[in-house]
Structure formats: C-alpha cells, structure tokens
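Undergrad: Below is one structure. I have some questions about it.
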Amino acid sequence: MIYKVAFWVIIFFLGYNVYLIEFPLKNGDYYMLQEKAEDFVFDNRHYDTILVGSSLVRHFRNIPIFQGKQFYNLFLNGSSAASGIELIIKSGKIPKVLFVETHHLTKGLNDTLIKNVFQGYSIKQFLPALQSKHKFLNIIIKKIKPQIKKLDSRGVFFREIFYHHIEQLRHEYSSISDSLKYIQHLNKVDMQLQYLTAKGCTIYLFEVPIEKELALSKRAKFLRFKNHQILNNKNYQWIPYDYHNFYKTTDGIHLLQNESYIYEKYIEWCFQRARKKDLINKRRATLKPLGSDS
C-alpha cells in the first residue's frame, strides 16, 4: 500500500513538473520576494528592456518602453535595485536597456535572497515544482487568503493610515544615519553597473518622486547627492528628478496608480530626449570636418 501511494505521488509530482515547464504560473503583481526573483531567473525568455527596483515601481507598465514581451519589471518588494541587478548578472540575462530605480539603494544587496534563489539552480530548473511560487502550500495560502480591498483615497481609514505613516517617514527623513554604509552600497552598485555597460547594456537611473516634504528633506537631499556623486559614470544616463510636478502617494512614498502613469510619461519623455541626443552625437562623430580630404 505504501509503495503504491509513493508510486502515484511520484507520478503526480513528475506530471506537475511537465505541466509547469509548459505552463509556468504567473502571479501578476502579487509575488513574495523569492517568488518574484525566481520568476525572472527561471523564465526561459531573454528581455531587451528590464526595470529593476523596489515596490515603488510595481505598477510601471503604462508606456511603450515598459510593455511587451521584451520587457520585464523586476520589482522586488522590500528590497532594492541592487538585488535585481545581481539577479541579472548571475543569470546572464543582460538586457540592451536597464532602468534602475534608486530610492531604496540604502538597503543594499540582499545576499540571503540571492543565495536562496541560486541554491539548487540546476535542480529547480529541471523540476520547477521546487521553485517557491510553484509549491503547493504557497498556492493554497494565496487561494484561501482574503483579498485585500482597495482603499479609497477619500476614505477616513485611508487618511488615518496615510497620516500615521507620513509621520513615521518625517522622523526617518529628518536625519542621516549609516552614511558610510550607504556609500559602500553605492560603490557596489557602481561595480555592478560597470560590468553591465561593458557587456553593451545602456543604463538609465531615476528616482521615483515622493511627497514633496520628504523629497526636500535633509536625508533625501543627501542620498540624492551621493547617488549622483558615485554613480557618475559617463555611460550612465540620469533621468532628472521631477521637481515641477506634485505627485500624490498612498503612504508618502508609493505613488497612486494614476500618478504612476503621469510619472511614467515623464520618464518616456526624458528617455526619448536622451535617445535623440545620443543619435545626434553619434551622427556628429561620423561627420568629417569641412576642408578635410575625402
């Protein structure tokens, strides 16, 4: 009896793996951290454009450069772009264009995440049921877990959460701590980006706008200065911080979805402008000075 049960368990497990190879599960925006990382690493596709960052860029998908089968939004909830960049390097899935959200670079590289994702890499690639998002327990939990209702920005409950969280952020952004550690994180990111540019990847860096009060705080100004000071390689292109528009957030730092769309349009405008400038410079470099020999 035991052998018979074990036999059918093995058959089911192998069949489940065959199914997952053909039809891998997709969870949309609702990934746990390791699930999202593994979704990218074990996806067989290669992407021309990748966006790396934290949950601040979760909903970025509204402009042509952030759409299509050749684009991947590698947002990592509770982590930073540094971890996303490391996943790209270790997986060898280097894009032509990489957009880097810089807001949470203070968190540095999540070594535990990287270790867990690549531990048993070959086995998880051959048996996708061992990947975090495909495990039955995780799937069952998501099915029985009640859906979180969307909060109305006009509701009293929403306002109470907002004011409570903004007060915490005011305190956090009023001072600068661990500046040396942050500089070390940035130097590491700079090394990662230099590796990618050497492989032909074009880098665009940007800072998602947050509540104006926080954006102009002592801490935010310091981090912005250090970002530009250390990540100043001529091969990196910075999208300027948008001081001209006032953006609304859910909690002080996460943009409302309609505000994300407005900011994405700003990124698109800057991106197209940078590309046009680059094409003009390349064209000028090919032109010969007047009077030179033909």
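No lab work stands behind these numbers, since they all come straight from the coordinates. Just so it is clear, the model here is predicted, and its values are computed rather than measured. No Cβ is skipped: glycine too gets one built from the backbone with ideal geometry, and neighbour counts run over all protein chains shown.
Undergrad: Using every Cα-Cα pair within segment 159-219, state what percent have a distance larger than 12 Å.
TA: 77 percent
Undergrad: Once label points are set 7 Å from the Cα along Cα→Cβ at both Ser122 and Glu213, what is their separation, rounded to one decimal in nm?
TA: It works out to 5.6 nm between the two label points.
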